[in-house]
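Take a look at the structure set out below.
Read the figures in this text as sums done on the coordinates, not as results from a lab. None of these values were measured; they are calculated from a predicted model. Here the Cβ is made from the backbone with ideal geometry for all residues, glycine too, and neighbour counts use every protein chain on show.
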Ligand code: PXG
């Protein structure tokens, strides 16, 4: 595998970062998880825009233009003959001292990994997944805004540990008000009487690119979609619940905290949106050439 690091494509064994990189020492940096489908990078422009916005929020200067970064992602995919895969684009604060001061770090480090994707088993998409709400509260936006896709994912990891310890694969996190925020690596939607609802960005969530695409697809098809405060009650009493994310795409939820959701299998709206999402994914994006 060839890794892009410090402006060059190098063999995996030569792709190394310093122990003084603040990405490692403090989780100081930002990233994107991106998919390639059918020889194209899906929604690359949106991922690059979000990366720059995350960086701006933490006062991190990305040492490359958006156009340059776009080319570097495509180049890394090409060098690894990726047609369908997963791209991890990371920008760390770079090498600094043993102290928090980010201004003592010389230059941001850009790393791009283009690899195969580890998918959830197909059966989970057909049968739907069970999830739980957990005690770990989603980061307060005035402490660390979840809109920043930062290298510090401990908040999500703590929630993921709770989910796995309860025997399920994914957790729903609530915000400090007890309202639904999002899953550890996915956004959440509920469907009730054909109305689709999802928490607004100010609930304290990552504004997912899959989330935005699914909202657009649903509205194009004539569904009403509202960004609205949701409680656990709304989850338990939904006809359908589904999660969206780059890794999971659109996946139906059939059980939350041992309450069966809807008919106990992925519903009509979920299956329709999953299908439309997949059609769009395999026919659009930045060509890898
Ligand atoms: N919320 C959180 C907290 C996320 O981390 C999403 C929502 C969905 O956003 P997108 O833009 O992907 O629709 C994410 C995305 C990984 C991995 O390797 C994680 C994500 C995406 C891709 C890979 O764990 N998180």
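Here are a few things to note about the model shown:
- Within a Gaussian network of the chain (alpha carbon springs, distance under 10 Å), most fluctuating of 25, 273, 89: 25
- Calculated P(r) tail over 33 Å for the chain, as whole % of Cα pairs: 24
- Note on 105, 77: ascending count of other Cβ atoms within 10 Å places them as 105, 77, the fewest first.
- Largest GNM mean-square fluctuation among 130, 159, 248, using the chain with Cα springs under 10 Å: 248.
- The ellipsoid that matches the Cα gyration tensor of the range 176-263 has semi-axes, each √(5λ) in whole angstrom, of 17, 16, 13, with the longest given first.
- Our summary gives the chain a relative contact order of 20 percent, counting only alpha carbon pairs under 8 angstrom and 6 or more residues apart.
- Folded to 0 to 90 degrees: helix 66-79 orientation relative to the chain principal axis, Cα: 90
- Between helix 44-57 and the chain: long-axis angle, C-alpha atoms, 0 to 90°, nearest 10: 70
- Legend: ranking of residues 50, 219 from fewest to most surrounding C-beta atoms inside 10 Å; resulting order 219, 50.
- Between 0 and 90°, nearest 10: helix 209-220 axis offset from the chain longest Cα axis: 40
- Tail beyond 27 Å, pair distance distribution of the range 122-281 (Cα, percent): 15
- Ascending count of other beta-carbon atoms within 10 Å, so fewest first, for 228, 240: 228, 240
- Alpha-carbon centroids, the range 107-151 and the range 185-225: separation in whole Å: 17
- Residue among 107, 192, 123 with the largest mean-square fluctuation in a Gaussian network model of the chain, springs linking Cα atoms under 10 Å: 123
- Radius, Kirkwood style, for the range 2-115 when every pair of distinct Cα atoms is counted (Å): 14.3
- Every helix of 4 or more DSSP H residues in the chain counts as -39500 (n - 2.57), and over all residues that averages to -8500 deg cm²/dmol at 222 nm.
- Between the C-alpha center of the range 46-64 and that of the range 255-273 there is a gap of 36 Å.
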